[in-house]
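Beneath this line is the structure, given in C-alpha cells, with notes to follow.
Throughout, read-outs are computed from the coordinates displayed, never taken from laboratory work. In this text the structure is predicted, and so the values were computed from the model without any measurement. Methodologically, a virtual Cβ is constructed for each residue, glycine included, from the backbone with ideal geometry; neighbour enumeration extends over all protein chains shown.
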C-alpha cells in the first residue's frame, strides 16, 4: 500500500462573464476568452482546449456558460437530473481527452460522454486512464476491450498495456452514496430538532450530541427521538444526566464549549439557531444539536461491494485492476488488503482509491508483477 496526494494547481477566482454565453457561437467564444484574460491559467487552458470542448461535448447545454463559469449537461431521459460543473473543470477534462484521443476505442468514450446517464462515470474513467498514461511503465491504452467470461462477453473500461504486462481496468464511483448518507442524516437531524421541543427555552450553553456507530437497526427514528427527548427535558431542568446508550446510538448532553466526539471518518450535521442581530460561528460550538454518523465500517463495506461488482467485468483469471472514486480511510484500505489476499478475488491484483482528482492510496496483491512500480510517474526519478 502507498499513500499519495497530488496537488492541484487551480486559481480560486471564478471567471466573470457579461451574460450567458453560447460557446457554439464564434463571437461568444471570443467573449469568453476575453473574460479569461485576468485568469492566466484558465485563459491558457481555454486557448488549448476550447475548440475540442465544443467539438466533443455536442449537447447545447454543455456549450451554455452561466455566471461564474457554471455549466450543466442535458437532463437524463425521463428525469430532472443533470450533471453540473464549471467550464474550468470541463476544459481540464477536455485536456485529458486530448491526451487520450489516439487510443483505440476513443470513439466509445466520446459516445458515453454524450450520454447523460453515463457522463459522470466516464469522466472518472478519463481521469483514471490519464493517470495511467502518465506512469513510467505505460505503453498503450485500449478502451472497452472485449473480455470473454462464462456469463458472456464483458467490456471493462480499458486495457492498460504496461512494461509489467497487460492489466484490465474497471472504474467505480461512490460519491452518490456519500450524498445519500448526508441527506439521510439531515432528515434525521430535522426529526431530532422536533423531539427537542421549544428551542426558544433551550439553554444557550448546552448541546445534545448524537453519535451513530454501525447499523441503526430497527425503528431508529423512534429510538433517537426517545434519547433526545429525555436529554432535552434534563437540560431544561439543569440536570446532568449520563449519556444514553442504545445499541449503535450514543446521545450526550454537553456544554457547547466542549467539542463533540468525532470519529476519523464521519459526517456531522450541526443544527444552529441563527440570530440575525449577531454573527454566529457555523460549527458545533454554536449548535444546540449535532448528529454524527461514523462511516468507516459502512464505507469499507461499500468499497468491498464496488470491487466485487467491478470484478464481474474483468477476466476471470485476471489480472485486473479496480479504480474507485470515493473519500477513503484506513479501514477501507485494510478491508481491500484482506479481499485481495482471498482466492475468491484472485483476478483483482491491484486497486486504487482516489477523490477530487487526487490519489489517496493503492493496494496490491503480493507475489505478482503489478505492484508499487505502477505508481511512479514517467518524469519521476528512478
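Between residue 215 and residue 37, what is the FRET efficiency for a Förster distance of 51 Å, r being their Cβ-Cβ separation, to the nearest 0.05? The pair residue 215/residue 37 has a calculated efficiency of 0.40. Among 209, 379, 221, a tally of other beta-carbon atoms within 10 Å of each Cβ gives an order, fewest to most, of 379, 221, 209.
The structure shown yields volume of the Cα convex hull per residue in Å³, and of the options (i) 245; (ii) 194; (iii) 166 that calculated value carries the label (ii). Helix-only arithmetic for the chain: the sum of -39500 (n - 2.57) across DSSP H runs with n ≥ 4, divided by the residue total, places the mean residue ellipticity at 222 nm at -11500 deg cm²/dmol.
In the chain, the longest principal axis of the Cα atoms and the axis of helix 40-56 are about 70 degrees apart.
Tilt of helix 26-35 relative to the longest C-alpha principal axis of the chain, in degrees (0 to 90, nearest 10)? The angle comes out near 50 degrees. Compared with the alpha-carbon gap, the fully stretched path from residue 79 to residue 255 is longer by 58.8 nm at 0.36 nm per residue.
With a Förster radius of 22 Å, plug the Cβ-Cβ distance of residue 26 and residue 47 into 1/(1 + (r/R0)^6) and report the FRET value to the nearest 0.05.
FRET efficiency, residue 26 to residue 47: 0.90.
Just to confirm the number: angle between the C-alpha axis of helix 119-133 and the first principal axis of the chain, 0 to 90 degrees, nearest 10? It works out to around 60 degrees. Full extension of the segment from residue 317 to residue 246, taken as 0.36 nm per residue of separation minus the current Cα-Cα distance, would add 20.9 nm. Name the shape class, rounded, prolate or oblate, that the alpha-carbon gyration tensor gives for the stretch 192-255, where a ≥ b ≥ c are the square roots of its eigenvalues, rounded holds for a/c under 1.5, and otherwise prolate holds if a/b is larger than b/c and oblate otherwise. Judged from the Cα gyration tensor, the stretch 192-255 comes out prolate (a/c at least 1.5, a/b above b/c). Mean-square fluctuations from a GNM of the chain, with a 10 angstrom spring cutoff on Cα atoms, peak among 252, 205, 186 at 205. Test of understanding: extend the Cα→C-beta vector of residue 16 to 7 Å, then name every residue of the stretch 33-53 with backbone N under 18 Å from that spot. Label zone hits: 33-43. Site pair residue 72 and residue 205 shows an inter-label distance of 4.8 nm when each label is modelled 7 Å from Cα along Cα→Cβ. By the count of other C-beta atoms within 10 Å, a proxy for reagent exposure, 106, 57 are ordered fewest to most as 106, 57.
Can you give the % of DSSP beta bridges in the chain that are antiparallel, to the nearest 5?
Within the chain, antiparallel bridges account for around 70 percent of the total.
What whole number of Å gives the distance from the Cα centroid of the stretch 158-214 to the Cα centroid of the stretch 56-119? Here the two parts' Cα centres lie 27 Å apart.
On full extension, the segment bounded by residue 179 and residue 379 gains 68.3 nm, given 0.36 nm per residue less the C-alpha separation.
By the beta-carbon count within 10 Å of each Cβ, the least crowded to most crowded order of 352, 103, 132, fewest first, is 103, 132, 352.
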